[in-house]
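Trainee: Please read through the structure below; I'll follow up with questions.
The values are calculated or read from the model by the stated rules, or taken from the named source; none is laboratory data. Computed from a predicted structure; not experimentally measured. Cβ coordinates were reconstructed from backbone atoms using ideal geometry, including for glycine residues, and neighbour counts include every protein chain displayed.
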C-alpha cells in the first residue's frame with residue numbers, strides 16, 4: 001500500500017485497493033514516509049472536482065501521526081485518539097530517520113462494535129430486461145457470479161460490516177430468491193421479504209415497509225461493491241444529511257475535438273477532452289423522516305424522491321465511493337463481474 005510521490009491520485013487509489021485498508025503511504029526513494037493518503041482524502045478531492053491525474057502528494061497529509069516500531073498497544077491507541085483534533089484509524093511505524101517499517105490499525109487493537117446501527121433494505125424486484133435471455137428464468141440478483149449468486153456477495157458484505165437484519169423487496173420471480181435465501185440463517189443474517197404485487201420503481205417499495213427508527217440503508221440488488229458502510233454512515237452524520245447518495249466518479253472522453261463558442265466566435269478548441277461526472281452508485285442512506293415522502297403502494301423512482309426532498313429544502317449529500325463498485329446492468333458488466341470473481345477481486 002506504499003505509493004511514490006510521483007504517482008497520481010488514481011494510482012494511489014489503486015494502491016489502496018490492493019492493500020484493502022483505505023490507506024496509501026507515500027514514501028520517497030529511500031523508503032522514508034513523506035505523506036499519508038486516506039480514502040477520506042480522496043473523497044474530498046473528488047467532491048472538490050480535482051483531477052485524479054494530479055500528483056498524489058497534493059492531497060496527502062504531510063504531518064501524519066506516527067510512532068516508533070517499539071510502540072506499545074496502549075500508547076498506539078492513545079496517539080490515534082488524541083494526537084490530532086480527530087481520531088485516526090491507522091498509525092504508520094517509522095524509525096529514527098523516518099523510514100517506514102510497519103503499520104498499526106485501530107481495528108487490530110480495539111475491534112469496532114460488531115453491530116452496525118442500520119436498518120437495511122435490498123431492492124431485488126427488477127426484471128433485468130437488459131440482461132435477457134439470462135434473466136428469462138432467473139431473477140437478476142440470483143445470476144451466478146463466481147460460485148454464488150450476485151446478491152449473496154452483497155449479503156456477505158453486509159454481514160461482515162455488522163448488519164444483522166435485512167429486508168429484501170421482491171417482485172419478478174420472487175419465489176426463487178426466497179427459496180434460496182430462506183430466513184437468512186445460513187447466511188449469517190435475518191431476512192424478511194417485502195413482495196411488490198406490481199413494480200413500484202426504485203423507491204416505491206420502501207412505502208411497504210414500516211417507518212424505520214434510525215438510519216435506513218437502501219441498496220440496489222444488482223450491484224457489487226466493497227463500500228465501507230461505516231464510513232458512509234459517519235459521512236452521513238457529519239453532514240447532518242436527510243439523504244446520502246453514494247456516488248462514483250466516471251470519466252468520459254469525448255471522441256472528437258470540441259469547439260467552444262460565444263455566438264459565432266470561437267473561444268477555444270479542445271481536442272478530445274475528458275469530462276467527469278459523479279454518477280449514482282445505487283446505495284442510499286436516509287433518515288426516518290424521508291419515509292413520509294414515500295406514498296404507500298404507489299410507484300416512485302429514487303430520482304423523483306431526491307427531487308422532492310430538494311424541493312422541500314431537505315439536506316441531500318453525496319458520498320464519493322472510492323472502493324470497488326460494479327453495476328451489473330448489461331451483458332458486458334456481467335462478463336466483468338465474472339472476470340473479477342475469477343481474479344479474487346470480490347473476496
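Trainee: Filter the range 53-64 down to residues that are part of a loop (DSSP other than H, G, I, E, B) and crowded, with 18+ Cβ neighbours inside 10 Å, then give me how many there are. Quick ask: steps written out before the conclusion?
Mentor: Of all residues in the range 53-64, those part of a loop (DSSP other than H, G, I, E, B) come to 53-54, 59-60, 62-64.
From what's left, crowded, with 18+ Cβ neighbours inside 10 Å: 59-60, 64.
Number satisfying all stated conditions: 3.
Trainee: Out of everything in the range 328-347 that is more than 18 Å from the chain's Cα centre (by Cα) and in a loop (DSSP other than H, G, I, E, B), what residue ends up being surrounded by the most Cβ atoms within 10 Å (Cβ to Cβ)?
Mentor: Filtering the range 328-347 for residues that are more than 18 Å from the chain's Cα centre (by Cα) and in a loop (DSSP other than H, G, I, E, B), the one surrounded by the most Cβ atoms within 10 Å (Cβ to Cβ) comes out as 330.
Residues are listed down the side, and each one gets a yes or a no for (1) at pLDDT 95 or above; (2) in contact with a helix residue (DSSP H, G or I) (Cβ under 7 Å, 6 or more places away or on another chain):
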residue	(1), (2)
244	yes, yes
251	no, no
263	no, no
274	no, no
285	yes, yes
296	no, yes
299	no, yes
321	no, no
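Trainee: Which residue is surrounded by the most Cβ atoms within 10 Å (Cβ to Cβ), if the candidates are limited to the range 122-147 and must be more than 21 Å from residue 282 (Cα to Cα) and within 24 Å of the chain's Cα centre (by Cα)?
Mentor: Selected residue: 146.
Trainee: Which numbered condition in (1) assigned to a helix (DSSP H, G or I); (2) at pLDDT 95 or above; (3) buried (at least 16 other Cβ atoms within 10 Å of the Cβ) is the only one that residue 168 fails?
Mentor: (1)
Trainee: Would you confirm, using the coordinates I've provided, whether residue 249 is part of a strand (DSSP E or B), touching a strand residue (DSSP E or B) at 6+ places or on another chain (Cβ under 8 Å), more than 23 Å from residue 43 (Cα to Cα) and in contact (Cβ under 8 Å) with a residue 12 or more places away in the chain? Break it down stepwise before answering.
Mentor: On the way: part of a strand (DSSP E or B): yes; touching a strand residue (DSSP E or B) at 6+ places or on another chain (Cβ under 8 Å): yes; more than 23 Å from residue 43 (Cα to Cα): no; in contact (Cβ under 8 Å) with a residue 12 or more places away in the chain: yes.
Here the answer is no, as residue 249 does not meet what is asked.
Trainee: Considering each of 119, 113, 101, 85 in turn, give the residue that is surrounded by 16 or more Cβ atoms within 10 Å (Cβ to Cβ) and either at pLDDT below 90 or out of contact with any helix residue (DSSP H, G or I) (no Cβ under 8 Å at 6 or more places or on another chain) (or both).
Mentor: Working: 113 fails: surrounded by 16 or more Cβ atoms within 10 Å (Cβ to Cβ); 101 fails: surrounded by 16 or more Cβ atoms within 10 Å (Cβ to Cβ); 85 fails: surrounded by 16 or more Cβ atoms within 10 Å (Cβ to Cβ).
Within the list 119, 113, 101, 85, the selection yields 119.
Trainee: Just a yes or no: is a residue in the range 220-238 more than 15 Å from the chain's Cα centre (by Cα) and exposed (fewer than 15 other Cβ atoms within 10 Å of the Cβ)?
Mentor: Here is the first cut: in the range 220-238, the residues more than 15 Å from the chain's Cα centre (by Cα) are 237-238.
Then keep just the ones that are exposed (fewer than 15 other Cβ atoms within 10 Å of the Cβ); that gives 237-238.
Within the range 220-238 (the criterion being more than 15 Å from the chain's Cα centre (by Cα) and exposed (fewer than 15 other Cβ atoms within 10 Å of the Cβ)), the answer is yes, since at least one residue qualifies.
Trainee: Related question: Could you tell me whether the range 194-217 includes any residue that is within 21 Å of residue 43 (Cβ to Cβ), part of a strand (DSSP E or B) and within 26 Å of the chain's Cα centre (by Cα)?
Mentor: Within the range 194-217, the subset within 21 Å of residue 43 (Cβ to Cβ) is 215, 217.
Now restrict to residues that are part of a strand (DSSP E or B): 217.
Now restrict to residues that are within 26 Å of the chain's Cα centre (by Cα): 217.
There is at least one residue in the range 194-217 that is within 21 Å of residue 43 (Cβ to Cβ), part of a strand (DSSP E or B) and within 26 Å of the chain's Cα centre (by Cα).
Trainee: How many residues does the range 86-112 contain that are farther than 23 Å from residue 228 by Cβ and assigned to a loop (DSSP other than H, G, I, E, B)?
Mentor: Number satisfying all stated conditions: 4.
Trainee: Mind checking which residues of the range 177-196 are modelled with pLDDT of 95 or more and either out of contact with any strand residue (DSSP E or B) (no Cβ under 9 Å at 6 or more places or on another chain) or outside the structural domain of residue 127 (by TED's automatic domain parsing) (or both)?
Mentor: 179
Trainee: With respect to residue 25, is the statement that it is part of a helix (DSSP H, G or I) and either without any contact (Cβ under 8 Å) to a residue 60 or more places away in the chain or under 25 Å from residue 107 (Cβ atoms) (or both) true? Show your work before the answer.
Mentor: Values: part of a helix (DSSP H, G or I): no; either without any contact (Cβ under 8 Å) to a residue 60 or more places away in the chain or under 25 Å from residue 107 (Cβ atoms) (or both): yes.
No; evaluated as a whole, the condition is false for this residue.
Trainee: Looking at residue 266, is it loosely packed, with under 11 Cβ neighbours inside 10 Å and free of Cβ contacts under 8 Å to residues at least 40 places away in the same chain?
Mentor: Details: loosely packed, with under 11 Cβ neighbours inside 10 Å: yes; free of Cβ contacts under 8 Å to residues at least 40 places away in the same chain: yes.
It is true that residue 266 is loosely packed, with under 11 Cβ neighbours inside 10 Å and free of Cβ contacts under 8 Å to residues at least 40 places away in the same chain.
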